[in-house]
1. Step by step: first the residues of the range 144-181, then only those that are among the polar types (S, T, N, Q) and without any contact (Cβ under 8 Å) to a residue 60 or more places away in the chain, then the one that is nearest to Met80 (Cα to Cα). Which residue is that?
2. So how many residues does the range 44-58 have that are over 18 Å from the mean Cα position of the chain (by Cα) and in a helix (DSSP H, G or I)?
3. What do you reckon, is Phe16 in a helix (DSSP H, G or I) and of a type in the set (Phe, Trp, Tyr)?
4. Filter the range 91-116 down to the residues that are farther than 25 Å from Phe250 by Cβ, open to solvent by 20 Å² or more (accessible area, probe 1.4 Å) and in a helix (DSSP H, G or I) and list them by number.
5. Working carefully through the options Tyr60, Tyr122, find the one that is closer than 19 Å to Val215 by Cβ and either modelled with pLDDT under 90 or of a type outside the set (Asp, Glu) (or both).
6. Any residue that is hydroxyl-bearing (Ser, Thr, Tyr) and within 22 Å of Leu214 (Cβ to Cβ) - is there at least one of those in the range 135-147?
7. Filter the range 161-184 down to residues that are over 16 Å from Gln99 (Cβ atoms) and assigned to a helix (DSSP H, G or I), then give me how many there are.
Amino acid sequence: MWGNQSLTTEFVLLGFQLSAETEVLLFWVFSLLYTFSLLANGMIFVLICLDQRLHTPMYYFLSHLAIIDMSYMSNNVPKMLANLVTQNRAISFVPCITQTFLYLGLAATECLILVAMSYDRYVAICHPLHYTVIMSWTLCSVLATVCWSCAFVLSLIHMLLLLRLPFCRSRQVNHLFCEILSVLKLACADTWLNKLVLFAASIFVLVGPLCLMLVSYIHILWAILKIQSGEGRRKAFSTCSSHLCVVGLFFGIAMVVYMVPDSSQREEKEKLLSLFHSLFNPMLNPLIYSLRNAQVKDALCRVLQVRSR
């Protein structure tokens with residue numbers, strides 16, 4: 001399994017290959033965005049832990065989303081920032097494979113957590129009288145455990161297949177970090193099996209969960225349309241709007257990165273989209289949930305009032 005390390009002991013992350021002045025500027029910009037994203041997601045997580053009013057299934061899953069976003073950024077962004085201010089862009093074999101493993105595992109976990117959140121919204125709108133019975137803490141814990149377990153088992157399967165390949169074609173990873181498609185291109189063996197598994201994983205991680213969410217939201221839309229008053233329909237839809245925004249960002253970017261046909265500029269576009277997915281999307285998630293959610297804003301105000309006393 002580990003025989004490929006005798007051929008390749010390290011990779012080189014090419015990144016954007018810009019001028020030194022531009023890369024220094026990007027370093028400071030990305031550092032500020034990374035810091036802000038960590039603080040914003042940390043704030044959401046702390047608020048949910050401290051405020052009893054936010055101890056509900058929806059915010060339970062949101063706390064998992066905040067943990068995933070902080071971990072996802074911390075897996076990809078620090079090495080990317082270091083590469084912007086140094087000429088040595090090498091990354092050894094084991095850290096690269098570890099980064100790929102965590103990248104896949106955390107991305108898949110976020111996808112499945114979003115599915116669990118869509119089911120929570122479906123129960124809240126379509127079965128409001130039975131919501132507390134259906135969405136028990138036992139069910140929420142089971143759903144969260146299944147999301148994390150399935151995602152990292154899938155990622156582990158990819159890594160076991162990847163480790164069986166000899167990497168003797170090149171050491172240069174044409175990406176910002178060790179991402180599985182870019183690493184897979186460096187293998188000098190036939191990768192048809194890996195590509196087949198990767199395609200199956202794409203179906204599992206993207207198309208399957210997206211179909212489940214579509215089914216949930218078709219039922220939600222049908223239930224909302226049956227509400228007689230306009231105010232009632234508006235309130236019902238507002239409970240789903242934040243989740244819909246996050247889902248649109250996550251799946252829209254992921255489908256563009258992994259399911260768009262090859263083109264001459266595909267690799268450069270993938271770098272930009274992966275940057276958005278790794279840095280901007282985790283920053284937008286807490287903003288969407290805090291700016292569009294009165295309960296989160298109220299919880300923040302209560303915490304600030306307690307601190308000011």
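The values are calculated or read from the model by the stated rules, or taken from the named source; none is laboratory data. The structure displayed is predicted, hence computed values, not measured ones. Cβ: placed from backbone, ideal geometry, glycine included. Neighbour counts: every protein chain shown. Quick note on the areas: whole protein, heavy atoms, side chains included, nothing else; ligands and nucleic acids left out. Shrake-Rupley method; radii C 1.70, N 1.55, O 1.52, S 1.80 Å.
1. Applying the filter and picking the extreme gives Ser170.
2. Counting residues in the range 44-58 that are over 18 Å from the mean Cα position of the chain (by Cα) and in a helix (DSSP H, G or I) gives 9.
3. In short, no.
4. First pass over the range 91-116, keeping only residues farther than 25 Å from Phe250 by Cβ: 91-95.
From what is left, the residues that are open to solvent by 20 Å² or more (accessible area, probe 1.4 Å) are 92, 94-95.
Val94, Pro95 - these are the residues of the range 91-116 that are farther than 25 Å from Phe250 by Cβ, open to solvent by 20 Å² or more (accessible area, probe 1.4 Å) and in a helix (DSSP H, G or I).
5. Criteria check complete, one pass: Tyr122.
6. The answer is no; no qualifying residue exists.
7. So the answer is 1.
Table: residues versus (1) modelled with pLDDT of 75 or more; (2) part of a helix (DSSP H, G or I); (3) surrounded by 15 or more Cβ atoms within 10 Å (Cβ to Cβ).
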site	(1), (2), (3)
Val215	yes, yes, no
Trp222	yes, yes, no
Glu231	no, yes, no
Lys235	no, yes, no
Ser241	no, yes, no
Phe251	no, yes, yes
Ala254	no, yes, yes
Asp262	no, no, no
Glu268	no, yes, no
